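Comments concern the structure below.
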Amino acid sequence: MKKIYDLWWKEGGLAEGHDFKWKWPKIKRVLPPKNCTILDFGCGEGRYIEEFLKVDPYKIVGIDISSYAIKEAKKKFPKAKLYALSGDEKLPIKNENIDFILAADVIEHIFDVSNFLFEMNRCLKKGGKIFISTPYYGTIKNLVIALIGFEIVYSPHSQHIRFFTKKSLSTLLKNHGFSVLSYGEYGRFKPLSRGMYFVAEKVKKTRYDKSIYRDMLPR
């Protein structure tokens, strides 16, 4: 998996401005106060880190599955703590050490979603916030996809391995110790929005529940 994302970043990664114009104004509105610590999970080469540091000299932790992207980010942000890791791994961050997490269009790439949200909860201070976004899927959009875009959206070569609705992702957040503060959509127009986002607050500690994957195991 890491080799795929290394190749992807080497060949250009995200096109300049990809979703940024829609997401950044919404992210900026919920940033923490000065002198806080931000975790950018899925930071790539640091597009959002650059914007964070324009707002305030935050303490930055960045994580991305691509070693190549992290190497490039380290050149730009030598003071940031940057790690090449996946969402299925334990993070090298102390418990309750982060004030704000950005997980912009990351969760749809992760197999072990429960571990990912457990780690987000573990790292975040109580009362800390997470901004999490992912492609939007609703009833009408799903019908349109089924009629004219199924082979594109659900291509076996797609990086997306998880698909969420407003209900499924909000339920996951609540089950992993978060309280949803706000929800929104961006890009295109309703009911064919490009993406959706949640702002959620950590209200309690949670645990990694392996039992949710029991039905996937061979019998």
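The values are calculated or read from the model by the stated rules, or taken from the named source; none is laboratory data. These figures come from a predicted structure and were not determined experimentally. Using ideal geometry, Cβ is built from the backbone for each residue, glycine included, and neighbour counts are taken over all protein chains shown. These accessible areas exclude ligands, DNA and RNA; they are computed on the full protein's heavy atoms, side chains included. Shrake-Rupley method; radii C 1.70, N 1.55, O 1.52, S 1.80 Å.
Of the accessible area of the chain, with the probe set at 1.4 angstrom, what percent is carbon plus sulfur? Before the final figure, lay out the partial values.
Values: 6710 of 12100 Å².
Carbon with sulfur: 55 percent of the solvent-accessible area.
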Going Cα to Cα from LYS10, which lysines come in below 22 Å? Please leave out same-chain ones fewer than 8 positions away.
LYS2, LYS71, LYS74, LYS75, LYS76, LYS81
Kindly state, to the nearest 0.05, the FRET efficiency for LYS28 paired with LYS74, given R0 = 22 Å and r defined as their beta-carbon distance.
0.35
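Trypsin sites (Lys or Arg not before Pro), restricted to segment 1-108: which are DSSP loop and have at most 15 other Cβ atoms within 10 Å? Intermediate results must be reported in sequence, preceding the final value.
On the way: sites: LYS2, LYS3, LYS10, LYS21, LYS23, LYS26, LYS28, ARG29, LYS34, ARG47, LYS54, LYS59, LYS71, LYS74, LYS75, LYS76, LYS79, LYS81, LYS90, LYS94; in loops: ARG29, LYS34, LYS79, LYS90, LYS94.
Answer by residue number: ARG29, LYS34, LYS79, LYS90, LYS94.
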For segment 111-194, which chymotrypsin sites (Phe, Trp or Tyr not before Pro) are in a loop by DSSP, counting at most 12 other Cβ atoms within 10 Å?
TYR154, PHE189
Amide hydrogen neighbours beyond the local backbone of GLY42, cut-off 5 Å, H modeled
ILE63, ASP64
Mind giving me the nanometre distance, one decimal, between the label points for ASN95 and LYS126, set 7 Å out from Cα along Cα→Cβ?
1.2
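Normalised by the residues of segment 15-119, what does the relative contact order come to in percent, with Cα pairs under 8 Å and at least six apart? Spell out each step's value before the answer.
Values: 141 pairs, mean separation 29.3, N = 105.
Over segment 15-119, the number comes to 28 percent.
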Could you give me the ³J(HN,Hα) list for segment 186-194, computed from phi with Karplus coefficients 6.51, -1.76, 1.60 and θ = phi - 60°, whole Hz, x at Gly and Pro?
8, x, 6, 7, 5, x, 10, 3, 6
Contact order relative to length for segment 77-169, counting C-alpha pairs under 8 Å separated by 6 or more residues, stands in percent at 32
If the limit is 18 Å between Cα atoms, which of LYS174/LYS202; LYS26/LYS129; LYS90/LYS174; LYS94/LYS204 go over it?
LYS90/LYS174
Rounded, prolate or oblate: which fits the chain, taking a ≥ b ≥ c as square roots of the Cα gyration tensor eigenvalues, rounded meaning a/c under 1.5, else prolate when a/b beats b/c?
rounded
So, for segment 105-219, what is the accessible surface per residue at a probe of 1.4 Å, expressed in square angstrom?
56
Å² of accessible area per residue within segment 17-73, as computed with a 1.4 Å probe and no ligands counted
43
Can you pull the one-decimal nm distance between simple spin-label points at LYS210 and ILE145, each 7 Å off the Cα toward Cβ?
3.2
Pairs of alpha-carbon atoms within less than 8 angstrom and 6+ residues apart define the contacts here; what relative contact order does the chain have, in percent?
17
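Note the full-extension length gain between VAL55 and VAL203 as 0.36 nm times their separation in residues minus their Cα-Cα distance, in nm to one decimal.
Contour length minus Cα-Cα distance gives 50.6 nm.
Can you tell me the dipole magnitude for the chain around its Cα centre, using point charges on the Cβ only (Lys, Arg +1; Asp, Glu -1), in Debye to the nearest 20?
Values: 39 positive and 24 negative charges, 149 e Å.
That gives a dipole near 720 debye.
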Based on the Cβ-Cβ distance from HIS157 to SER67, what FRET efficiency comes out when R0 is 25 Å, to the nearest 0.05?
0.70
